[in-house]
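Written out below as C-alpha cells is the structure these notes cover.
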C-alpha cells in the first residue's frame, strides 16, 4: 500500500519483546488528506556516524570503536554489532 505523507518526527524507544529488550523506530507523519500516521519498524539497530579528523584514517576510527567498552544506562556491557566504513554524501547548502 502506497501512501503520500509528510514526516513530522522520528524517534525510537526500547520495549520488552518477551525475549528481552529491543528497539523500535517510530515515524510520525500526516497524510496529504490530513490523517495522522504512526509507522513502527521493529528490529531496528540504532547507529551513529563518526567523522574522521585530519591525521587519522577511517580504519583508525573503526579499530578504536571495536576495541572500546560501552555500557548501557544500567551498567551492562555493550558491544557494537557492526562497524562499517562508508563515504558520506556531500551536504547541500540551502
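At a Förster distance of 25 Å, what's the computed FRET efficiency of residue 26 paired with residue 83, Cβ-Cβ distance as r, to 0.05?
0.45
Rank these for me by crowding, 27, 1, going from fewest to most other beta carbons within 10 Å.
1, 27
Estimate the FRET efficiency between residue 60 and residue 39 by the formula 1/(1 + (r/R0)^6), using the beta-carbon distance for r and 35 Å for R0, to the nearest 0.05.
Efficiency, rounded to the nearest 0.05: 0.40.
Please arrange 89, 30 by counting, for each residue, the other beta carbons lying within 10 Å of its beta carbon, fewest first.
In increasing order of surrounding Cβ atoms, one gets 89, 30.
With both bridge residues required to lie in the chain, what share of the DSSP beta bridges run antiparallel, to the nearest 5%?
100 percent
Taking one equal scatterer on every alpha-carbon of the chain, how large is log10 of I(q)/I(0) by Debye at q = 0.16, 0.19 1/Å?
Results for the chain at q = 0.16, 0.19 Å⁻¹ read -0.96, -1.08.
Let me have the relative contact order for the chain, percent, based on Cα pairs under 8 Å that are six or more residues apart.
Computed over the chain, the figure is 16 percent.
Based on DSSP H runs of at least 4 residues, each adding -39500 (n - 2.57), what is the mean residue ellipticity at 222 nm of the chain after dividing by all its residues, to the nearest 500 deg cm²/dmol?
Calculated from helices alone, the mean residue ellipticity at 222 nm is -3000 deg cm²/dmol.
All of the numbers you see were taken from the coordinates with simple rules; none came from a lab. No experiment lies behind these values; they were computed from the predicted model shown. Here the Cβ is made from the backbone with ideal geometry for all residues, glycine too, and neighbour counts use every protein chain on show.
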